[in-house]
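For reference, the structure is listed below as structure tokens.
Please treat every number below as a calculation from the coordinates, not as lab data. What you see is a predicted model, and the numbers here were worked out from it, not measured in a lab. Heads up, the Cβs are rebuilt from the backbone with ideal geometry, glycines too, and the neighbour counts pull from every protein chain shown.
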Amino acid sequence: MSYHVEYTESSEADLKALDGSQQKIVRKAIDKISENPLPKKEGGYGNPLGNRGHNNLAGLCKIKLLKLGIRVVYKLIRERKVMKIIVIAARADNEVYDIATKRLNNSPLGR
């Protein structure tokens, strides 16, 4: 059930902004989750998002890297079996979710 991982330009920049050891850990986590990125309620590894503060992120999932304090937000494009990485950022007070909302509202990915 493995999905192909695609990064948006912004999420690639997010990843490159991390130091080398963080990049390695994040890539490894993304690769692991891509084996079965479906939401947990569907038997996958993904943590589904819903409403986070004023952000409606229903339909998206996250990866939590607790030791790094980093979240990865992704969208599944099921018909193409693609795991589209939207944002990789520090958790800091829902900032990652604000960024995800802005990027989705300003991209052809839409909702």
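Loop-located trypsin sites (Lys or Arg not before Pro) in the range 1-79 (DSSP state not H, G, I, E or B) with no more than 10 neighbouring Cβ atoms inside 10 Å: Lys67. Hey, what D do you get for the chain in µm²/s if you plug the Kirkwood alpha-carbon radius into Stokes-Einstein at 10 °C and 1.306 mPa s? The Stokes-Einstein estimate is 115 µm²/s. With θ taken as phi - 60° and the Karplus curve 6.51 cos²θ - 1.76 cosθ + 1.60 applied, the whole-hertz 3J(HN,Hα) list for the range 27-35 is 4, 4, 5, 4, 4, 5, 5, 5, 5 Hz, x standing for glycine and proline. Inter-label distance, Asp31 to Asn105: 3.6 nm, where each label sits 7 Å from its Cα along the C-beta direction. What the phi angles of the range 76-90 give under the Karplus curve with 6.51, -1.76 and 1.60, with θ = phi - 60°, is a coupling list of 8, 10, 4, 5, 9, 6, 10, 9, 8, 7, 9, 8, 10, 7, 5 Hz, glycine and proline written as x. Placing pseudo-labels 7 Å out from each Cα toward the beta carbon at Lys16 and His54 gives an inter-label distance of 3.2 nm.
Given a cut-off of under 8 Å on Cα pairs at least six residues apart, what relative contact order in percent is computed for the range 1-101?
Dividing the mean separation by the residue count of the range 1-101 yields 28 percent.
The GluC sites (Glu not before Pro) found in the range 34-83 that occupy coil by DSSP, while having at most 12 further C-beta atoms within 10 Å, are Glu35. Of the residues Asp98, Asp19, Asp14, the one with the fewest other Cβ atoms within 10 Å heads the list, and the complete ranking is Asp19, Asp98, Asp14.
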